[in-house]
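K.L.:
One structure follows; several queries about it will come next.
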Amino acid sequence: MKGIRRSLAAGLTLVMAAGLVLTGCAGRTEEKPTTTTTPAASDPAKKPFEGVEIRFLASQHPWTDTVKKDIAEFEKQTGMKVNMEVLAEGNLTQKLTVELTAGTGTVDVFMQRPLQEAKQFEKNGWYADLNTFAKDAKKTPAEWDMNDFHKGPIQAETVNGHLVGIPLVTEQQIIYYRKDLFQEKGVKVPTTMAELEEAAKKLNDPSKDFYGIVMRGQGNPAVTQFSSFLYSMGGDFVKDGKFTMDSPEALKAFKIYGDLLGKYGPPGVLNMHWQQASALMAQGKAAMWVDANSLYLNVTAPDKSTVGDKIGFAQFPAGDKGSAPYSITSWGLSIAKSSKKQDAAWEFVKWASSKEMVLKTQAAGNPSARASAWNNPEGTKSWPKEWVEVAKKSGEIGKPSDRPLVINVGKARDLIGEIITAAIGQKDIAAIAKDRNVKLNELLAEENK
Amino acid sequence: MSRWIEKNLKWVFPAPAVIFIVVMMAFPILYTAWISLTEWSMSAVTPAKFIGLENYINLLGKDHRFWMSVWRTFYFTGLALVGETLIGLVLAVMLNRDFPGKNLLKTLFLLPMVATPVAIGMVWLLMFEPTIGYLNHFLKSLHLPQSLWLASEGSALASLVLVDIWQWTPMMALIILAGLVSMPSDPFEAAEVDGASAWQTFWHVTLPMLRPTIGMAVILRSIDALKTFDIIYSMTQGGPNYATETLNLYGYNLGFGYFQMGAASSLLMIFFAIVMGVVIFMNWARKGALS
Amino acid sequence: MNPRKKVHPALNVLYVVGLVLFFVAFMFPFAWMIISSFKTQSEILTMPPKWIFTPTFKNYVEVFEGQDFLMYMLNSFVIAVGATLAALVLGLPAAYAIARRRLPSLGFTILVARIVPGITFLIPWFMIFSRLKMVDTMPALILAHMLVTMPFVVWVMIPFFEGIPNDLIDAARVDGCTEQYAFLRVVLPISGPGIITGSIMAFVFSWNNFMFSMILSGVHTKTLPVAIFNFLSYSEVNWGGLMAASVIITLPVLVLALMTQKYIVRGLTAGAVKG
């Protein structure tokens, strides 16, 4: 017994000693100088960033694949070394969170989803303000041309007057449909919500394992695809500083979304993200799929789809207030505030978002935010003509956001997603919507405190 | 010097291991304990604000999702352990008999437990797919009702239990089998002399003798089952509609999805206490049963 | 031993059928994984499945060409071996002391390492390791994985050391050796099977670890379980690639398990059977 007590005492002393030592070296993050003394680019013949290493955390994305190929060229030009790390989307957020929380300058450049993360990251002080670089003629030559970017995407990347990222990839919600079946059954390509439901109903044939429509049914991911329904019915997530998920417009939108999937959707739709939904479309088991246009290769590429040549594209249908699909910036490129090599980091961001690179990435299939790329036939050559038409038009009329712009987007999406899953389950949603709306407003009040 | 070491062997030998554990664990635990008393969104600008026990009060008193995740954690662990023990017992009894190829079979049964969980999760994900997965096709070909597996709130957690049972039943079986093999033969001979039936022998002689073996295996397994993360993370991330959100997943979502580090930390502290409590309770029950 | 009496033949049939069913149920996911890894995406998604098809190696080529899978494999291997060896160095003497000097409370302390939820460590560890400039280095990953491997070594070895007869150690000490000398020269050499058991278990659990590797690894140290998520990308689920990657990740541990099964069984049963 005595031995145990003694070993306990010794253990406790050790714990405390170790705790002291360790907390000593891991105290609260101290502010880092925002700009560093990297050599100025005065002499163009000399490589100004010779030997500088930056770390770039990227998401697994076709954009990344295209840029990856050219990084060696960039390294040769600048003498810089880019340590690029590619992670799956969910893992990227987790890793960024841990590293930026530690604030030890391990990340220099990273890819981010402005609508999902910008507010939270900005509040946490994780972004460097890119205005200080982009608007500085010494650091950014005129030909980089800030004004070439569409306004919506730049707006999406601006929080509290700070430019937190450079928009890379944009996307709009569209309808994918089976041209052959629509023709065969004499169904009109839907232009209104009523026609959409009508078409889904006519083509639905569950006995043959074929479904009228497929969309995301998992609550949280479905919120973004639901947004266009909400806008088109005249609703919005937040109006005058309050959530309005129980408004008549919102309830109508929930009902349409829920009825489409609940009545004419496949079994198991509640666990469907776009991956599962697109797989069904690609397997010829659904007549329509409504989701982002950036995902079109999943249903058109011959190695992924058995019906690739039969897929048509159509603009999002009109609701009570016309057709109002989202047209959003899905990815942007940012610099970490805790980075100690911000000038070098900007050099890289500037290069990756330059007119030449953007034309290249767009030509490879990543819809960009630069007008010059859209106006250049080279920039749209990889897409079907019909797709380009729909994308351009949706871009013109689209809303710049596909989710509520609050800080805690994740939680808000979860709560709204709960209403969506209830609607798909054909439950009475009025009460649920009211309850969740109260919770959403509590969340909002908490944030504005 | 060496005599001194010998005299203090009890301290010197374990010291490196103990120092390592303490150094690696003390700071994280103390840090988490401190953050659990604060409100902090991991911001570099706004430091953590001390709010006392508010996070705990919110979780324990107001958070329905927390209690649901506690329930799911125990549901998952309980169902998995019962399944693994029962099926494991049957399998062990079946393997406790000589037949050709027995060793090979025993070896193959090891595979589920050593296979990398995140990889195996992906394989089950593919098999569970309601429309393109094999399981539903198989049920259909037998004219059995199909299930939505992970796609429905009602069946998702049970589907994950199924994966856990698949993964860990063989371990239970092999442990129980080792217990069976190492049993003394006298009690069985006595039972035979008394004219006991095979079932009576099993129930009154074999099972009681297996109890300590099973008890220890259940304790070790329950620690891991309560903490299951990889499989759930790679398959459902807690969905659909939180139906598979166990404590570990909720803690992860609070921290990395919602940036509520204070709340996440207090959840982790409670979670730690729960696992610790379960282990102590089970160990106490096991000892009680033995004496 | 359970003496077997005469069994009804019907029961015998039932027995064989039962065993076969068990076998099929437990092996099927592996079979499915391997079959799917040789199919194209659209073949994988076709139901009813084709059992006879022309195998494609495209998925494997993709895995090794698209990503540096060989390097990830090497990383996983180095980390697992490193964490196992280090766990032996620290764990063996500790287990010996716990076993021979009856220190159950110490044994329990080491078990606590398995009780703490893994997420607790992520942010604090990153803070420490990044300040020490150790993120994305082998030592950091090995240290983290040791928290997984060491408890295994200790728990496998305690009953093993308890089982060593006192006479052996006493005999060495009569010859004038110190106990630590006896530990090195007498105890360890006869503990080979136990050490192998503990090492295999430690290796497997380090190899399979996902969470710690996710946070602490980087370009230079990425391990296989982290790399597999790259097949769930933004714009597609590459099932074929995913299954091929799964085969590649699990194959080494499966082979190891097949070769060393008797040690693993002993490792699993060590703590439990002794009670």
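K.L.:
Give me the helices (runs of 4 or more DSSP H) completely within segment B:111-199, filtered to those with at least 1 residues that are more than 23 Å from B:GLY88 (Cα to Cα) and of a type outside the set (Gly, Ala, Ser), ordered by residue number.
P.N.:
B:117-128, B:134-141, B:153-181, B:186-193
K.L.:
If we keep just the residues of segment B:93-105 that are more than 7 Å from chain C (Cβ to nearest Cβ) and either within 20 Å of the chain's Cα centre (by Cα) or not small (Gly, Ala, Ser) (or both), which is surrounded by the most Cβ atoms within 10 Å (Cβ to Cβ)?
P.N.:
Per the stated criteria, the residue is B:LEU95.
K.L.:
Still on this model: Take residues that are at pLDDT 90 or above and of a type in the set (Ser, Thr, Tyr) and tell me which of the strands (runs of 3 or more DSSP E) falling wholly in segment A:283-361 contain 1 or more.
P.N.:
A:327-335
K.L.:
Tally time: how many residues in segment B:1-50 are under 25 Å from C:ILE115 (Cβ atoms) and among the aliphatic types (A, V, I, L, M)?
P.N.:
Matching residues across segment B:1-50 total 15.
K.L.:
Right, another one. If the requirement is being within 12 Å of chain B (Cβ to nearest Cβ) and under 24 Å from A:LEU297 (Cβ atoms), which of these qualifies: C:THR40, C:THR46?
P.N.:
Sole residue among the options that is within 12 Å of chain B (Cβ to nearest Cβ) and under 24 Å from A:LEU297 (Cβ atoms): C:THR46.
Table: residues versus (1) in contact with a helix residue (DSSP H, G or I) (Cβ under 6 Å, 6 or more places away or on another chain); (2) closer than 24 Å to A:SER232 by Cα; (3) of a type in the set (A, V, I, L, M).
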site	(1), (2), (3)
A:ALA102	yes, no, yes
A:ASN124	no, no, no
A:ASP129	no, no, no
A:ILE154	no, yes, yes
A:ASN160	no, no, no
A:GLU171	yes, yes, no
A:ARG178	yes, yes, no
A:GLN183	no, no, no
A:GLY186	no, no, no
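K.L.:
Test A:VAL86 against the criterion of being modelled with pLDDT of 90 or more, surrounded by 19 or more Cβ atoms within 10 Å (Cβ to Cβ), in contact with a Lys or Arg (Cβ under 9 Å, 6 or more places away or on another chain) and not acidic (Asp, Glu), and give yes or no.
P.N.:
no
K.L.:
How many of the residues making up segment A:47-95 are within 20 Å of the chain's Cα centre (by Cα), of a type in the set (S, T, N, Q) and either part of a helix (DSSP H, G or I) or not assigned by TED's automatic domain parsing to the domain that holds A:TRP351 (or both)?
P.N.:
5
K.L.:
Working only within segment B:1-48, note down all residues that are more than 33 Å from the chain's Cα centre (by Cα) and closer than 26 Å to B:TYR258 by Cβ.
P.N.:
If the condition is that a residue be more than 33 Å from the chain's Cα centre (by Cα) and closer than 26 Å to B:TYR258 by Cβ, then B:SER43, B:ALA44, B:VAL45, B:THR46, B:PRO47, B:ALA48 are the ones that fit.
Residue by residue, here is whether (1) among the polar types (S, T, N, Q); (2) crowded, with 18+ Cβ neighbours inside 10 Å; (3) at pLDDT 85 or above holds:
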{"residue": "B:VAL163", "(1), (2), (3)": "no, yes, yes"}
{"residue": "B:ASP194", "(1), (2), (3)": "no, no, no"}
{"residue": "B:THR244", "(1), (2), (3)": "yes, yes, yes"}
{"residue": "B:GLY251", "(1), (2), (3)": "no, yes, yes"}
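K.L.:
Would you mind stating whether A:TYR264 is touching a residue at least 12 places away in the same chain (Cβ under 8 Å), crowded, with 22+ Cβ neighbours inside 10 Å, more than 14 Å from every other protein chain (Cβ to nearest Cβ) and hydroxyl-bearing (Ser, Thr, Tyr)?
P.N.:
Here the answer is yes, as A:TYR264 does meet what is asked.
K.L.:
Looking only at segment B:33-69, which residues are within 12 Å of chain A (Cβ to nearest Cβ) and either touching a Pro at 6+ places or on another chain (Cβ under 8 Å) or in a helix (DSSP H, G or I) (or both)?
P.N.:
Within segment B:33-69, B:ALA33, B:TRP34, B:ILE35, B:TRP40, B:ASN58, B:LYS62, B:HIS64, B:ARG65 meet the criteria.
K.L.:
Tell me which residues, restricted to segment B:227-275, are at the interface with chain C (Cβ under 9 Å from one of its Cβ atoms) and farther than 28 Å from B:PRO47 by Cβ.
P.N.:
Matches in segment B:227-275: B:LYS227, B:PHE229, B:ASP230, B:TYR233, B:SER234, B:VAL275.
K.L.:
Could I ask something else about it? Answer with yes or no whether C:ALA140 is out of contact with any strand residue (DSSP E or B) (no Cβ under 9 Å at 6 or more places or on another chain), closer than 21 Å to B:PRO14 by Cα and modelled with pLDDT of 85 or more.
P.N.:
No.
K.L.:
Starting from segment C:249-267, take each residue that is at pLDDT 85 or above and list its partners that are of a type in the set (Gly, Ala, Ser), counting only C-beta distances under 6 angstrom and pairs at least six apart or across chains.
P.N.:
C:ILE249/B:ALA119; C:THR250/B:ALA115; C:THR250/B:ALA119
K.L.:
Give just the number: which of (1) without any contact (Cβ under 8 Å) to a residue 60 or more places away in the chain; (2) aromatic (Phe, Trp, Tyr); (3) more than 9 Å from chain C (Cβ to nearest Cβ) does B:PHE188 not satisfy?
P.N.:
With respect to (1) without any contact (Cβ under 8 Å) to a residue 60 or more places away in the chain; (2) aromatic (Phe, Trp, Tyr); (3) more than 9 Å from chain C (Cβ to nearest Cβ), B:PHE188 is out only on (3).
K.L.:
Taking C:LEU11 as meeting all but one of (1) surrounded by 19 or more Cβ atoms within 10 Å (Cβ to Cβ); (2) farther than 30 Å from C:ASN238 by Cβ, write down the number of the exception.
P.N.:
Unmet for C:LEU11, out of (1) surrounded by 19 or more Cβ atoms within 10 Å (Cβ to Cβ); (2) farther than 30 Å from C:ASN238 by Cβ: (1).
The values are calculated or read from the model by the stated rules, or taken from the named source; none is laboratory data. Predicted, not measured: the structure shown is a model, and the values here were computed from it. Heads up, the Cβs are rebuilt from the backbone with ideal geometry, glycines too, and the neighbour counts pull from every protein chain shown.
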